[in-house]
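Single-structure report; data block below.
Each value in this text was obtained by applying a stated rule to the coordinates, not by laboratory testing. A quick note: this is a predicted structure, and the numbers were derived from the prediction, not measured. Here the Cβ positions follow ideal geometry from the backbone for every residue, glycine too, while neighbour counts run over all protein chains shown.
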Amino acid sequence: MTIPMSTFAENLSYGDLPEPLLQVLRCSFLDTMGVAAIGSTTELSDLARKGALAVFGTGNAGGARILMDGRTLSPAGAAMAGAFMVDSIDAHDGSSPNKGHAGSAIFPALLAVADAMRANGTPITGRDFATWVAVAYEISYRSGQVQHATCADYHTSGAWTAVGVAAACARMLGCDGEAIRHAAGIGEYHGPRSQMMRCIDFPTMLRDGVGWGAPTGVTAAYLAFEGFTGAPALTCEGQDAKPFWADLGDTWFTVRDTHYKPYPCCRWAHPSLDAVQVLMTDNNLTHDRVKAVNIKTFHNATRLAGHEPQSLDDFTYAIAFPVATMIVRGQVGVNELTPETLQDPDILRISRATRLIDDPHLTKISEGKRWAQVTIVDMDGKEHIDTPRTPRGDTDLPLSDAEISTKFHNFADPVLGQERADSIEKLSAEFDTLDADGFAKLMGLCLAAP
């Protein structure tokens with residue numbers, strides 16, 4: 001028997017969360033905080049916080065601190081500023097079947113509501129927070145897959161994370177199942193149905209829509225708590241949605257579909273980045289020996305292109321330039337997210353000599369996966385051909401705990417300092433077991449200014 005979304009959200013308990021799910025939530029907590037730390041240094045994040053501070057003052061809900069900032073706004077304002085912050089560095093967790101990202105909206109939103117609740121005297125334990133995050137992820141993923149299956153346009157993650165955030169935040173506020181239904185419906189109705197391919201074709205600070213998906217979900221929850229109606233959410237209850245919800249409570253899309261990124265750029269570039277790293281190493285190539293690069297990949301990925309990016313946004317939604325960066329520097333990390341990198345003559349030479357090829361077969365099999373095949377042509381005209389591959393970090397090619405930890409510290413240590421980063425890592429690894437005082441400490445570490 002299918003469990004209604006609202007029943008699932010209202011009644012899920014910590015004891016219902018299997019260990020593999022808890023492992024994902026712990027990993028995503030740490031991974032997202034690392035991205036937030038480096039994201040707090042970006043121009044995009046700074047501008048978003050200025051905008052949020054201008055229009056989202058505190059109200060009756062109580063004050064919520066902005067992620068990695070410490071200043072206080074309404075929960076919706078803190079959610080907006082935090083989501084833009086995480087989204088400003090494209091290195092957060094994702095889901096290939098959903099063509100997008102959940103954690104970048106969920107953690108800023110739920111931490112904001114939790115902080116407002118704490119400020120109003122409600123103690124929050126790690127068990128509480130883990131349960132709410134599990135609700136948000138699972139409903140977001142299922143809502144997103146319905147949306148992709150039923151909508152002609154390719155909408156950003158903000159559209160479907162608004163639904164999951166709304167349901168989870170309504171649960172946080174103590175709403176019953178009927179009010180949770182209305183929260184999800186309000187979140188879906190007002191969620192940002194922003195066109196992802198517009199931001200692929202014209203990269204800007206709009207990114208993946210979570211900057212509005214997160215506060216939309218938070219606002220929907222508070223409206224539903226006051227009695228505002230908006231049910232049903234068609235991605236949760238519509239006739240076309242049924243196949244995606246039939247095993248709710250038995251199967252966890254969150255465990256099956258969550259991936260992690262080793263590189264801070266669009267996931268569609270990652271199989272090519274993995275490929276050139278292997279080809280360069282296995283063939284003892286140096287960048288001065290590379291004449292050209294040919295990348296066969298799926299159709300939408302060819303629209304990334306990005307041979308001469310002029311900004312961090314251009315770099316994020318590119319393949320040619322990040323691939324050339326990997327060839328020249330052997331890595332694509334925080335040190336590559338600089339204006340100087342964009343002007344590197346060695347990288348630009350190879351980027352301009354990189355060709356993206358729309359491959360019908362790879363397009364066909366890239367539904368739910370991301371495929372690419374790379375050929376490097378050396379100065380003698382010899383072709384070094386990699387096998388078609390999908391990116392590391394998917395559940396079938398997972399990053400190790402050590403790789404996740406290294407990524408976190410590479411992002412967080414320069415901003416927060418090693419001592420604070422170490423504390424976040426330790427507490428994130430056990431956040432669901434923390435009592436109210438312990439979880440308040442973890443929130444403080446994540447929400448205070450660097």
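Filter the stretch 337-351 down to the residues that are without any contact (Cβ under 8 Å) to a residue 40 or more places away in the chain, surrounded by 15 or more Cβ atoms within 10 Å (Cβ to Cβ) and of a type in the set (D, E, K, R) and list them by number.
Taking the stretch 337-351 and keeping what is without any contact (Cβ under 8 Å) to a residue 40 or more places away in the chain, we get 338-345, 347, 349.
Filter once more, so that each one left must be surrounded by 15 or more Cβ atoms within 10 Å (Cβ to Cβ): 341-342, 344, 347, 349.
Residues satisfying the conditions are D344, R349.
Considering only residues of the stretch 397-425 that are assigned to a helix (DSSP H, G or I) and among the polar types (S, T, N, Q), which is surrounded by the fewest Cβ atoms within 10 Å (Cβ to Cβ)? Give the derivation first.
Initially, the stretch 397-425 is screened for residues assigned to a helix (DSSP H, G or I), giving 401-416, 418-425.
From what is left, the residues that are among the polar types (S, T, N, Q) are 405-406, 410, 418, 423.
Values: S405: 17, T406: 14, N410: 17, Q418: 11, S423: 16.
Once the filter is applied, the top-ranked residue is Q418.
What are the pairs, 6+ residues apart or on separate chains, where a residue within the stretch 392-419 that is closer than 21 Å to Q277 by Cα has its Cβ under 7 Å from a residue that is surrounded by fewer than 14 Cβ atoms within 10 Å (Cβ to Cβ)?
Final answer for the pair search is T395/R256.
Taking T363 as the residue in question, decide whether it is farther than 28 Å from F408 by Cα and in a loop (DSSP other than H, G, I, E, B).
On the way: farther than 28 Å from F408 by Cα: yes; in a loop (DSSP other than H, G, I, E, B): no.
No.
Among the residues of the stretch 13-50, count how many are in contact with a Lys or Arg (Cβ under 8 Å, 6 or more places away or on another chain) and either acidic (D, E) or part of a loop (DSSP other than H, G, I, E, B) (or both). Explain how you work it out, then say what you get.
At the first step, the residues of the stretch 13-50 found to be in contact with a Lys or Arg (Cβ under 8 Å, 6 or more places away or on another chain) are 14, 31, 34, 44, 49.
Of the ones still in play, those that are also either acidic (D, E) or part of a loop (DSSP other than H, G, I, E, B) (or both) are 31.
Number of matching residues: 1.
Taking M197 as the residue in question, decide whether it is touching a residue at least 40 places away in the same chain (Cβ under 8 Å) and surrounded by fewer than 19 Cβ atoms within 10 Å (Cβ to Cβ).
Values: touching a residue at least 40 places away in the same chain (Cβ under 8 Å): yes; surrounded by fewer than 19 Cβ atoms within 10 Å (Cβ to Cβ): yes.
Yes.
For the stretch 332-381, what are the residues that are in contact with a Lys or Arg (Cβ under 7 Å, 6 or more places away or on another chain), within 16 Å of V276 (Cβ to Cβ) and of a type in the set (D, E, K, R)?
Result: E336, R370, D378.
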